Amino acid sequence: MTARRHRLALALIVRDPLPPLRADLLTLFGTELPRHGIGAALVGQHGATAAGASWGAGAIHAVGSLRAASACVLSPLWDALGLWRAWRAGPLDCIQVRDKVASGLLGRVAAAMLGIPFVYWMSFPIVEGYAVRRDAIGSAGRGARWAAHALRAALARQLLYRLVLPGARHVFVQSEAMAAWLAGQGVARARMTAVPMGVDAALFERAAVAPAQDARLDGRRVIVYLGSVAQSRQSDFLLDVVELLRADLPEILLVIAGDAPSPDEMAWMRRQIAERALDDHVLLTGWLAQRSALGYAVRAEVGLSPIPRGALFDVSSPTKLVEYLALGIASVANDIPDQQLVIGHSGAGLAAPMQAAPFAAAVRALLDDPVLRARCAARGPAWVRRHRSYAILARQVAEVYGRILARRGAKASA
């Protein structure tokens, strides 16, 4: 299927390696939005495969490689070439840029030249991420490397907030908290739509998931964490919680189903486990195929979703909590805004601050009360289907595109 067969054709300039792996691209744009007549040609840099591959919503125009040393400098030029190829392949109704700053300006200019709307999609506060990186480098001394990162952060801030976002017909954001924060940066709230992370409800249907056949889980009180291991995510907090639970619950077993972004990070986590003598209470699986990871998840009584507070994560929309709920797993999540919203609206778990004692107490409350645990578990799947399935989210996003492009059509007629 190509974009020409759809009622509307988008060009999406993305930061992710192509072909895409993220669920919100694969499922939302690759599967669900085409059902509403919206196709999408992806523009960006390739990862493991060459340009020219196809996906369900249209074509992929990958130019350059994210693995190249010059990628951060050449990416806008590569995106310009990819966008030109997308335009050559067929008429475009809209240009959308996701989490790129310089290419955001490119998208705005190209959309103006073509007379079509420009849309920006912010799934991460990229400028603030640059600032955090600058400050981390500065803590070790202000040298040439710090100066380069400081310059990047300063230029990106000016580009994004003064040129890119003011020129966007609409801005999609990751959460209501991100929308409120961007409104404080001067973006009109009426021009923003929050699209939180969701799940493919069919994929996360518990009855379709085969439980992991791992004897290490037998006879244990299993709790689970699905996600990456990283010092920036304060993954050792999970071990703080297990240490407290182990004191009165020797059969506790935390399954961490996920990998680290680098071997050094995984080695750090293994050292933390060994130093606390938690080898018998923590199972660190490393990378698993999604179905295998879900097999471990459904063996758990409680799912854990601690996300560090701060400028970067407070505006995020974590996927793992919604995945637990879709699988019918009672959950404990900390108090970042989107997780508080999910727990409060669904009633499918407990919220606690990201402090070891109260978080462990919430986990223990669910483990000790099978009636409460079953009630929370039963509420999750239905709530996710109504509010956080990609089928529902796609319908909402399609309505926004419809309004954007309808205004364009009205102006053209006038």
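The values are calculated or read from the model by the stated rules, or taken from the named source; none is laboratory data. Not measured: the values here are computed from a predicted model. Using ideal geometry, Cβ is built from the backbone for each residue, glycine included, and neighbour counts are taken over all protein chains shown.
Only residues that are small (Gly, Ala, Ser) and crowded, with 21+ Cβ neighbours inside 10 Å were counted in the range 189-211, giving 1. Taken together, the residues in the range 134-180 that are under 16 Å from residue 106 (Cα atoms), of a type outside the set (Ser, Thr, Tyr) and part of a helix (DSSP H, G or I) amount to 12.
In the range 333-375, the residue that is nearest to residue 236 (Cα to Cα) out of those that are touching a Ser or Thr at 6+ places or on another chain (Cβ under 7 Å) and part of a helix (DSSP H, G or I) is 339. Among the numbered conditions (1) in a strand (DSSP E or B); (2) of a type outside the set (Phe, Trp, Tyr); (3) more than 22 Å from residue 388 (Cα to Cα); (4) not assigned by TED's automatic domain parsing to the domain that holds residue 314, the only one that residue 222 does not meet is (4). Residue by residue through the range 199-253, note down the ones that are in contact with a Phe, Trp or Tyr (Cβ under 9 Å, 6 or more places away or on another chain) and closer than 13 Å to residue 280 by Cα. Result: 217, 222. Taking the stated definitions as given, is residue 50 farther than 19 Å from residue 197 by Cα, modelled with pLDDT of 95 or more and outside any helix (DSSP H, G or I)? So residue 50 fails the test. Just one of (1) under 24 Å from the mean Cα position of the chain (by Cα); (2) assigned to a loop (DSSP other than H, G, I, E, B) fails for residue 183. It is (2). Scanning the range 347-365 for residues that are surrounded by fewer than 22 Cβ atoms within 10 Å (Cβ to Cβ) and within 22 Å of residue 382 (Cα to Cα) gives 347, 350, 351.
Against the test of being within 24 Å of residue 221 (Cβ to Cβ) and touching a residue at least 60 places away in the same chain (Cβ under 8 Å), the options 347, 286, 380, 295 yield a single qualifying residue, 295. Scan the range 246-269 residue by residue and report those that are modelled with pLDDT of 95 or more, among the hydrophobic types (A, V, I, L, M, F, W, C) and outside any helix (DSSP H, G or I). The answer is 249, 252, 253, 254, 255, 256, 257. The set of residues in the range 67-95 being surrounded by fewer than 24 Cβ atoms within 10 Å (Cβ to Cβ), of a type in the set (D, E, K, R) and either outside any loop (DSSP other than H, G, I, E, B) or not assigned by TED's automatic domain parsing to the domain that holds residue 406 (or both) consists of 85, 88. In the range 16-33, the residues that are in contact (Cβ under 8 Å) with a residue 40 or more places away in the chain form Cβ pairs under 6 Å with partners that are crowded, with 21+ Cβ neighbours inside 10 Å and small (Gly, Ala, Ser), at six or more places apart or across chains, as follows: 18/44; 18/62; 28/394; 32/394; 33/394. Pairs meeting the criteria (first residue in the range 172-193 and assigned by TED's automatic domain parsing to the domain that holds residue 124 and within 21 Å of residue 401 (Cα to Cα), second residue assigned to a helix (DSSP H, G or I) and of a type in the set (Asp, Glu), beta carbons under 9 Å, at least 6 apart or on different chains) are 174/338; 175/338; 176/338; 178/338. Consider the range 223-238 and keep the residues that are crowded, with 20+ Cβ neighbours inside 10 Å and not small (Gly, Ala, Ser). The one that is nearest to residue 267 (Cα to Cα) is 229.
In the range 283-302, is there at least one residue being surrounded by fewer than 22 Cβ atoms within 10 Å (Cβ to Cβ), in contact with an Asp or Glu (Cβ under 6 Å, 6 or more places away or on another chain), more than 30 Å from residue 385 (Cα to Cα) and not charged (D, E, K, R)? Looking through the range 283-302, none of the residues is surrounded by fewer than 22 Cβ atoms within 10 Å (Cβ to Cβ), in contact with an Asp or Glu (Cβ under 6 Å, 6 or more places away or on another chain), more than 30 Å from residue 385 (Cα to Cα) and not charged (D, E, K, R). The residues of the range 96-132 that are within 16 Å of residue 10 (Cβ to Cβ) and in a strand (DSSP E or B), listed by number, are 96, 97, 98, 118, 119, 120, 121.
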